[in-house]
1. Please list, ordered by residue number, the helices (runs of 4 or more DSSP H) wholly in the range 33-141 having 2 or more residues that are surrounded by 19 or more Cβ atoms within 10 Å (Cβ to Cβ).
2. Quick one: in the range 37-49, which of the residues that are touching a Phe, Trp or Tyr at 6+ places or on another chain (Cβ under 7 Å) and modelled with pLDDT of 95 or more is farthest from Ala120 (Cα to Cα)?
3. Filtering the range 234-281 down to residues that are of a type in the set (Asp, Glu) and part of a helix (DSSP H, G or I), which residue is modelled with the lowest pLDDT?
4. Which condition from (1) under 28 Å from His37 (Cβ atoms); (2) surrounded by fewer than 22 Cβ atoms within 10 Å (Cβ to Cβ) is the one that Ser175 breaks?
5. Given the condition of a type in the set (Asp, Glu) and either under 27 Å from Arg356 (Cα atoms) or touching a Pro at 6+ places or on another chain (Cβ under 6 Å) (or both), answer yes or no: does some residue in the range 83-92 qualify?
6. Just to be sure, is Asn198 under 29 Å from Ala331 (Cα atoms), at pLDDT 95 or above and touching a Leu at 6+ places or on another chain (Cβ under 9 Å)?
Amino acid sequence: MTEPGFRSPNGTVLVTGGAGFIGSAVVRWLLRETDAHVVNLDCLTYAGSLESLDEVSATSRYGFEKVDIRDPAEVARVFAEYQPDAVLHLAAETHVDRGIDRPTAFIDTNIAGTFVLLEAARGYWRSLPADDRARFRFLHVSTDEVYGSLGEDGSFTEASPYAPRSPYSASKAASDHLALAWYHTFGLPVLVTNCSNNYGPYQFPEKLIPHVMLCALEGKPVPVYGDGGNVRDWLYVDDHVRALLSVLEGGVPGTRYNIGGRNERPNIAVVEQVMSLLDTVRPRPDGESYRGQISFVADRPGHDRRYAVDPVRIERELGWRPHESFETGLAKTVAWYLEHEAWWGRIRGGRYGGERLGTDA
């Protein structure tokens, strides 16, 4: 099966968290590559930035609503006003380290907020004419971290049991269960995706790849947790977007789909590869390698050793495959950050200066 391009019945897609990293990539893709009208619902937390949508925000097919998904009245108003025929739910607190320091926000947003959104969607969906109700879809976007930690072999499948081990992953596991409960109990046409580690342009610099890159460029120690042997599977953000739209169009309601890049790397290998790229494209003034700045630091509490997801279902049933290898995606990512210092410089000067988070076990 060839990958479908998303076309909704009347072209209106509600994207929650559309000012965040993955959400903004979804919004940009929909407005560039489809005829859809897009409503971006975002409360603009520290990690949200409307600057990431500058290239598409002037189009008449785009609308922005500064709304918190925990506000039932405002969420219901957005559904009634814009009449979406699809929801892509990406609004969430996502940084594991922040969840260790301040778990309340993760419980409130990821669990209670998802409940509010599901209830608003259910009320709206039940009011639709039969044909529109049959076409409506609610895609809940989640993470591979809900499965817990893997040993050295094997991969998580959609049949793997949930075993979350951090406040973040536990909150996402709970929201996954809520989403599928609304399908089984109320018939709301819900789909759930669980993706591996995303990377790419516009990622907030608390996450591994932009964090170590910017520390290197600023002449700071480049931190690596523990022994650097924790393994993650890496997925370029635009490949994730294409997967989400494939699921939204062709996925079976009530089904979960794992989305992985088949790019497993130990964290230390990722950091070293970033340093090597910088050595080539932005050499240090003293001619030394950025690798000399790598500094091993105390590990994160409860740091899962390995994640890997098996994406065979989405590959076989929907024909999706990642376009980027880790090498090509990382090169694009590093180039983007080097070309957009003004974007991350404003963040470093205000919302997040690169300090260590997640040490309050």
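The values are calculated or read from the model by the stated rules, or taken from the named source; none is laboratory data. Note that this is a predicted model, so its numbers are computed, not measured. Cβ coordinates were reconstructed from backbone atoms using ideal geometry, including for glycine residues, and neighbour counts include every protein chain displayed.
1. Values: elements: 72-82, 96-101, 103-106, 114-126, 130-135.
Ranges flagged: 72-82, 96-101, 114-126.
2. Among residues in the range 37-49 that are touching a Phe, Trp or Tyr at 6+ places or on another chain (Cβ under 7 Å) and modelled with pLDDT of 95 or more, the one farthest from Ala120 (Cα to Cα) is Val38.
3. Within the range 234-281, the subset of a type in the set (Asp, Glu) is 238-239, 249, 264, 272, 279.
Those still in the list that are part of a helix (DSSP H, G or I) too: 238-239, 249, 272, 279.
Values: Asp238: 98, Asp239: 98, Glu249: 94, Glu272: 98, Asp279: 98.
If we take residues in the range 234-281 being of a type in the set (Asp, Glu) and part of a helix (DSSP H, G or I), then Glu249 is modelled with the lowest pLDDT.
4. Ser175 satisfies all of (1) under 28 Å from His37 (Cβ atoms); (2) surrounded by fewer than 22 Cβ atoms within 10 Å (Cβ to Cβ) except (2).
5. Initially, the range 83-92 is screened for residues of a type in the set (Asp, Glu), giving 85.
If we keep only those that are either under 27 Å from Arg356 (Cα atoms) or touching a Pro at 6+ places or on another chain (Cβ under 6 Å) (or both) too, we end up with 85.
Yes, because at least one residue in the range 83-92 is of a type in the set (Asp, Glu) and either under 27 Å from Arg356 (Cα atoms) or touching a Pro at 6+ places or on another chain (Cβ under 6 Å) (or both).
6. Working: under 29 Å from Ala331 (Cα atoms): yes; at pLDDT 95 or above: yes; touching a Leu at 6+ places or on another chain (Cβ under 9 Å): yes.
Yes, satisfied.
Yes/no per residue for (1) more than 25 Å from the chain's Cα centre (by Cα); (2) modelled with pLDDT under 95; (3) under 21 Å from Val241 (Cβ atoms); (4) surrounded by 15 or more Cβ atoms within 10 Å (Cβ to Cβ):
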| site | (1), (2), (3), (4) |
| --- | --- |
| Gly287 | yes, no, no, no |
| Ser295 | yes, no, no, no |
| Leu318 | no, no, yes, yes |
| Pro322 | no, no, yes, yes |
| Gly329 | no, no, yes, yes |
| Trp336 | no, no, yes, yes |
| Glu339 | no, no, yes, no |
| Arg346 | no, yes, no, no |
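For every residue, the table says whether it meets (1) in a helix (DSSP H, G or I); (2) in contact (Cβ under 8 Å) with a residue 24 or more places away in the chain.
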{"position": "Gly151", "(1), (2)": "no, yes"}
{"position": "Ala163", "(1), (2)": "no, no"}
{"position": "Ser175", "(1), (2)": "yes, yes"}
{"position": "Leu180", "(1), (2)": "yes, yes"}
